[in-house]
Each structure stands twice: as C-alpha cells, then as structure tokens.
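See below for the structure under consideration.
The values are calculated or read from the model by the stated rules, or taken from the named source; none is laboratory data. The structure displayed is predicted, hence computed values, not measured ones. Here the Cβ is made from the backbone with ideal geometry for all residues, glycine too, and neighbour counts use every protein chain on show.
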Amino acid sequence: MADSPHSNAFNFISYLEHQVDPRTGQYTASISIPDINANQLCGPTLPLSLTFNPLNRLNQGFGPGWSWQLSQYEINTQLLTLSTGETLKVVNWDGPKAIFSEQKLINFNFYRESPVSYRIAHNSGLTEILELQSARAMPVRHYSPQGHDLSLTYEPWDDDSKPVDVLSGVYDAQKQVLFKVHDIGSTTLKLELYPNLVDYNSTYLWNYVPGSLESTITLPTEDKAQWRFGYSMVRDCFCISEVYTPNGARETIVYGDEGHGHPADPTLRLPRVTEHTISPGSDQPDIVTHYSYVLTQASNNHNFLGYQGAGIVWSENGLDNLYNVFGEYNYGSIQKIIQGSKTTITIERTYNRFHLLTQELTRQNDNVCVVNTQYHLLPDRNFFRAAPQLSNPPYHQQIVVLGLRQEYSA
C-alpha cells in the first residue's frame with residue numbers, strides 16, 4: 001500500500017468488500033479468482049483476488065490501485081501486509097522473530113531467515129516463505145500443515161520508472177503450472193487457470209490502457225461477460241466512480257464533499273464517498289445511499305485518521321497515530337438509504353479511537369434498534385497499554401423500540 005496514510009481502520013473486513021466502507025468512507029473492490037488447489041487437492045490452497053485501494057498509487061500492471069492480495073514485506077518501511085489485508089509495522093526484532101507493537105492477538109509470527117528471506121507462520125498451520133524481489137519480499141512458497149507446497153514466481157515491471165515485481169505464475173510441487181499471467185506490461189493481461197488441464201482451463205482478460213479512466217475484466221463465460229470500472233481523479237487519488245457488472249447493473253459512486261481532514265496538514269484532504277447508487281436494470285428502481293461523516297451528537301470532524309484529536313502529532317512511521325490518543329475519541333458515519341425523495345433506513349455507526357464499533361443505531365419509520373458494545377479498555381490507557389483481548393467485547397446490549405414498545409437484550 002505504497003504512499004498511503006497508515007491506519008488500522010484498513011485492517012477490518014468491511015474495507016475489503018465490494019462496497020463503501022463505513023469506517024473510512026472509501027469505495028473498494030475485490031475480484032476473486034477461483035481458489036487454486038495444488039497437488040491433486042492435497043493442498044495447500046491459494047486464494048487469489050485482485051483488490052482495489054484508492055489510496056494505493058502504485059501500478060502493478062493492472063492500473064493504479066489494483067494489486068494481488070498477497071502477503072508482502074516492504075524492506076524500507078518495515079511494513080508487513082498479510083494476504084488477509086492486515087498491515088502491521090515491525091518495530092524491532094527479537095533474534096529472528098519480528099516484534100509488532102500493534103499486534104494484540106498472536107495469530108501469526110514473522111521471522112527473518114536471512115537478509116533476503118522471511119517466513120510467516122500462521123496459527124492455522126500454513127507457512128509462507130517470502131524472498132526479496134526488488135524493494136519488497138514476496139511469497140515464493142506456501143506450505144500446508146501437512147507439508148505439501150506450491151511455489152509462486154514473479155516478473156519485473158516498471159511503474160513510471162519505479163520497479164515492481166508482479167505475480168507471473170503458480171506451480172505445484174511437481175512444477176505443474178496452476179496459474180499463469182501472460183503479456184505482463186501490455187494493455188491486455190491474460191490470466192489463465194490450469195493451462196495444462198483441458199477440463200479445468202479458464203482464462204480471464206484484464207484490459208487497461210495507461211492514462212485511461214477505464215478498465216475491464218472479461219470472464220471465462222460463453223457470452224464473454226465483463227466487469228467494467230470507470231475512474232476519476234479525486235484529490236489526487238485514483239477513485240472508482242462507475243462499475244458495470246456482468247448482469248447489467250450499474251453502480252455510480254460520488255465523492256461530493258471536502259473529504260476527510262488530515263492531522264498532518266489542514267489543507268490535505270482524503271476523498272470519501274457521499275453517494276452510492278445501484279441501478280439494477282430490468283426496470284427495477286435505483287438503490288440510492290447517502291453518506292455523511294459528522295455524528296448526530298458530535299460537533300467535530302473526527303475521522304479514522306485522528307483529525308482534530310487532542311495531542312496527535314502526525315508521524316509517517318507506519319504506526320496508527322490514533323492509537324496514541326488518551327481519553328475519548330469517537331468518529332463514524334451516517335448511512336441513509338433513499339427511496340424516491342424519502343429516507344427509508346438510517347444507520348449511524350460510532351467507532352472509538354481503536355476503530356472498534358461501539359454503537360450502531362438503525363432507524364426505520366418509528367422503529368429503532370440500538371446495539372451498544374463495550375470492550376476491554378480504560379480511558380487513561382492508550383492502545384499499547386490496553387489488554388490483549390481488547391477487541392473481544394465482553395458485553396453487548398441491544399435496545400429495540402417498535403413504535404411505543406421497547407425491548408432490551410444483553
């Protein structure tokens with residue numbers, strides 16, 4: 001995620017789905033390739049997906065913002081990104097073992113095997129071996145808990161004179177090709193699954209002309225169905241503004257306000273979605289959703305970066321600046337689903353300084369549902385002094401008001 005502000009708000013699942021993330025206001029997209037099964041289904045299995053992040057300015061052959069969702073370690077910044085999308089900063093080494101100050105629950109360990117080789121040991125039993133390609137270490141082998149392996153290969157490619165290494169192939173233990181990327185560096189990339197297996201072979205075509213504001217991916221179907229993405233430049237970010245789906249639906253994304261304030265400089269602004277429209281087609285009505293980012297009971301412009309947070313001194317060190325805040329800091333968003341000229345559903349979400357959802361209030365006509373969540377935290381402790389089980393809530397309270405009737409559950 002080169003050249004983008006670091007926040008652990010990006011580590012939550014909602015940021016990776018094909019939607020507007022209510023925490024950050026970003027529209028992200030993910031296109032999944034069928035899981036690659038190696039060694040006659042003995043494993044390991046490699047899930048492959050292309051993901052779009054508007055804050056990632058690096059072009060890895062698919063256009064700005066798009067990249068394979070693979071684990072990687074950036075040597076210069078010491079940022080480790082897992083295939084799940086979670087990103088953590090290595091702050092020190094205990095011998096060969098990496099230390100992460102922002103890792104509360106130990107679901108993996110990261111080791112430096114040599115100056116150019118690294119190992120990720122997941123609690124699931126999966127092991128990833130990463131080797132230095134250019135400025136990043138990329139996975140070159142995966143081992144299943146049973147010891148079966150597959151390998152990944154890369155090809156160098158220049159993004160405006162910035163060298164990157166892009167995935168070129170996946171092979172099983174017998175060196176059989178499971179996945180191949182053809183024509184790297186051209187305007188049309190050919191993504192081929194199981195090239196040597198006639199019954200399972202399928203090909204995806206990705207088309208992007210450098211400098212254009214459109215890209216398409218053609219699916220391996222008889223009618224050559226396509227996803228088409230339209231882009232616009234918003235506050236120096238390459239953002240998705242239109243999506244055409246294979247079933248004929250269209251999505252329109254609008255970035256219509258001044259954007260998120262940045263703690264480093266009040267003149268810096270990050271784009272955020274203010275309106276998202278889904279036009280299903282087939283004479284079905286549009287689904288229109290409006291987003292705003294000032295909470296009902298708030299008089300500030302707080303956001304996931306820590307804007308207007310007391311005592312925040314912004315640092316580009318790869319750590320979450322909001323984690324240093326003591327006391328109360330809340331931010332959130334209000335989502336309104338519109339039908340005609342009427343708001344049918346309103347959802348207001350409130351997050352704390354650790355990006356955890358503390359309240360979700362849903363209103364439809366005279367009916368209201370409020371879900372309050374408490375966590376293992378104390379107001380006088382920052383993230384680094386908080387309990388390891390911080391994100392595991394010990395208490396939920398749900399209040400439902402149906403007209404004049406009120407119900408509680410906990």
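Some observations on this one:
- Criterion: among the small types (Gly, Ala, Ser), in contact (Cβ under 8 Å) with a residue 24 or more places away in the chain and crowded, with 17+ Cβ neighbours inside 10 Å - qualifying residue of Gly309, Gly327, Gly281: Gly309
- Scanning the range 61-99 for residues that are farther than 15 Å from Ala121 by Cβ, in contact with a strand residue (DSSP E or B) (Cβ under 6 Å, 6 or more places away or on another chain), of a type in the set (S, T, N, Q) and assigned to a loop (DSSP other than H, G, I, E, B) turns up Gln69, Gln78.
- Pairs where the first residue, in the range 348-371, is aromatic (Phe, Trp, Tyr) and in a loop (DSSP other than H, G, I, E, B) and the second is surrounded by 19 or more Cβ atoms within 10 Å (Cβ to Cβ) and at pLDDT below 95, C-beta under 6 Å, 6+ apart: Phe354/Phe383
- Residue in the range 189-203 that is among the charged types (D, E, K, R), touching a Gly at 6+ places or on another chain (Cβ under 8 Å) and either part of a strand (DSSP E or B) or surrounded by fewer than 18 Cβ atoms within 10 Å (Cβ to Cβ) (or both) present: no
- Criterion violated by Leu105 - all others in (1) in a loop (DSSP other than H, G, I, E, B); (2) at pLDDT below 95; (3) out of contact with any Pro (no Cβ under 7 Å at 6 or more places or on another chain) satisfied: (3)
- Once the range 150-176 is narrowed to residues that are buried (at least 18 other Cβ atoms within 10 Å of the Cβ) and charged (D, E, K, R), the residue that is nearest to the chain's Cα centre (by Cα) is Asp165.
- Filtered residue count, the range 362-391, keeping only those that are surrounded by 12 or more Cβ atoms within 10 Å (Cβ to Cβ), closer than 29 Å to Gln335 by Cβ and not β-branched (Val, Ile, Thr): 13
- Residue check, Ser232 surrounded by fewer than 16 Cβ atoms within 10 Å (Cβ to Cβ) and in contact with a Leu (Cβ under 6 Å, 6 or more places away or on another chain): no
Residue by residue, here is whether (1) of a type outside the set (A, V, I, L, M, F, W, C); (2) within 24 Å of Asn324 (Cβ to Cβ); (3) modelled with pLDDT under 95 holds:
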| residue | (1), (2), (3) |
| --- | --- |
| Phe12 | no, yes, yes |
| Glu17 | yes, no, yes |
| Ser30 | yes, no, yes |
| Gly63 | yes, no, yes |
| Val90 | no, yes, no |
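- Filter pass, Ser168 being in a loop (DSSP other than H, G, I, E, B), closer than 23 Å to Gln60 by Cα and in contact (Cβ under 8 Å) with a residue 12 or more places away in the chain: no
- For Glu128, the requirement of being among the charged types (D, E, K, R) and crowded, with 17+ Cβ neighbours inside 10 Å is met.
- Options Leu50, Leu58, Leu41: the member that is surrounded by fewer than 20 Cβ atoms within 10 Å (Cβ to Cβ), more than 18 Å from Ile120 (Cα to Cα), under 13 Å from the mean Cα position of the chain (by Cα) and not small (Gly, Ala, Ser): Leu50
- In the range 245-268, the qualifying residues are those that are touching a strand residue (DSSP E or B) at 6+ places or on another chain (Cβ under 9 Å) and crowded, with 18+ Cβ neighbours inside 10 Å, and the one that is farthest from Leu58 (Cα to Cα) is Glu251.
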